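Chemist: Here it is, the structure, as structure tokens.
The values are calculated or read from the model by the stated rules, or taken from the named source; none is laboratory data. Quantities reported herein were computed from a predicted structural model and do not represent experimental measurements. Neighbour counts are summed over all protein chains in view; Cβ atoms, including those assigned to glycine, are modelled from backbone coordinates with ideal geometry.
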Amino acid sequence: MRLLLLLLLSVSASVWSVPIERNGGNQEVKEEEQEENGDTGLYYDRYLREVIEVLETDPHFREKLQTANTEDIKNGRLSKELDLVSHHVRTRLDELKRQEVSRLRMLLKAKMDSTNTQREQMDHASLLRQFEHLDPHNQNTFEAKDLELLISTATKDLENYDAERHEEFKRYEMLKEHERREYLKGLDQEKREKEERRMQELKEKHRQHPKVNAPGSVAQLREVWEETDGLDPQEFNPKTFFKLHDTNEDGLLDEQELEALFTKELEKVYDPKNEEDDMMEMEEERLRMREHIMNNVDTNKDRLVSLEEFLKSTEKREFNNPKEWETLDAKPAYTEEELQRFEVELRDKEEELKRRVETLRQEQELLNERGKALEAQKKEYQQAVLEMSQRQKEGADALPPAGPNGELQFQPKAPQPEEKETKADQEAEVPNNLPAEPPQNLPVQP
């Protein structure tokens, strides 16, 4: 039952399908690879899967899910059961929603920053209305409204998913042709003619492939029965075939299980070792084959094939006498007018990129100039700090010595030689007003 809700929601898995082998050794590994790669292609794929995984842990909701049909899920009746799930499940759902809101806010901010959108204050509620898979008015708790919106949005988006894949492939083919023409323009006449002949030979070589059986026809299913399943083609039984390829044993063939049936037919046309074979075209061919079966077998349009639908399709005239299947090389994916519009779009984008590159270059030059100015200012500051440190050090060296108790001791300054001479000279110049003593040992006159 794991990811059962995704199957009921018609999850379209864009994976590389593999042939089904009954050896048993690699089957478990391949199933794990398919499960890991089963991306719906939706931008909220992770949120969708995490919500479903949490809901499946609740026994009550799981029981309701097992008994619900596609219409119950699409019309929102299953959402009402959310009020009965356990508290820890609701807590985990609340956490998932807050994480999704935070992720969307970051995406919006990055988008607005990249487009240089001016905004004074961001209104998160109005911005989140752009995303239809959650309730923008309640950004903290996961309620029944959130589950209803998630289911309805996923259903609608998945219905348009195949059309988006076709459009993406068309753009890929036009880009490839545009690059081919631009490459030829750069060659001289002789080399251009030689290269055109080589490309034409590759196209012709690609067209030389065995006949491709129509998907879902008895010839195509018998080929899988014999070469993949290793069974006797004379004992082909549609009911047994269905059960063999219902790998998860849920009584339905989902899109992954159907696409695995086309591997033998695709190998007739595409080989990754051949230069002329494009693997992107192979995946587009696989999508076309799956759509062909869904259009002719899936009568209730739930993107799943039940055993009843499968058996009814084997009773149709097209099952035994189908039209010849035309591969992609039989008809171009685009018209010349579409290619011309695409090339105009490419030129406009190229001009816009050039303008943005020039703007970024000017901004880079301005930043470099500012960087140089800041570097010069930094050097000035460093020099000023160095000079200040030297002055402080010189001031510390000039302090008088300290006494035994830490007090400062001042000593008189020793007189300089120049000062002594000056003092002697000053004393010599000062007149002596005291009377001179008479000379001793001289005779006394009468």
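Chemist: All but one of (1) surrounded by 14 or more Cβ atoms within 10 Å (Cβ to Cβ); (2) at pLDDT 80 or above hold for residue 132; which doesn't?
Modeler: Single failed check for residue 132: (2).
Chemist: Moving on. Within region 206-227, which residues are closer than 14 Å to residue 262 by Cα and not charged (D, E, K, R)?
Modeler: Within region 206-227, 212, 213, 214, 215, 216, 217, 218, 219, 220, 221, 224, 225 qualify.
Chemist: Sticking with this structure for a sec: Out of (1) outside any helix (DSSP H, G or I); (2) modelled with pLDDT of 75 or more, the odd one out for residue 145 is which?
Modeler: Condition not satisfied by residue 145: (1).
Chemist: Quick check, is residue 375 out of contact with any Asp or Glu (no Cβ under 8 Å at 6 or more places or on another chain), at pLDDT 90 or above, in a helix (DSSP H, G or I) and not aromatic (Phe, Trp, Tyr)?
Modeler: yes
Quick grid of which residues meet (1) surrounded by 12 or more Cβ atoms within 10 Å (Cβ to Cβ); (2) within 33 Å of the chain's Cα centre (by Cα); (3) not in a helix (DSSP H, G or I):
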| position | (1), (2), (3) |
| --- | --- |
| 276 | yes, yes, yes |
| 292 | yes, yes, no |
| 296 | yes, no, no |
| 329 | yes, yes, no |
| 339 | yes, yes, no |
| 349 | no, yes, no |
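Chemist: Also, I was wondering about something else. Give me the pairs: first residue in region 66-88 and under 13 Å from residue 152 (Cβ atoms), second residue among the charged types (D, E, K, R) and modelled with pLDDT under 70, beta-carbon distance under 8 Å, and six or more apart or on different chains, which are they?
Modeler: Partner pairs satisfying both residue conditions: 78/72.
Chemist: Between 211, 176, 203, which is outside any helix (DSSP H, G or I), among the charged types (D, E, K, R) and within 23 Å of residue 279 (Cα to Cα)?
Modeler: Answer to the selection: 211.
Chemist: Among the helices (runs of 4 or more DSSP H) lying completely within region 227-269, list those that include at least 1 residues that are among the hydrophobic types (A, V, I, L, M, F, W, C), out of contact with any strand residue (DSSP E or B) (no Cβ under 9 Å at 6 or more places or on another chain) and surrounded by fewer than 17 Cβ atoms within 10 Å (Cβ to Cβ).
Modeler: Here the list reads 238-245.
Chemist: Quick one: how many residues across region 76-110 are assigned to a helix (DSSP H, G or I), at pLDDT 80 or above and among the small types (Gly, Ala, Ser)?
Modeler: 1
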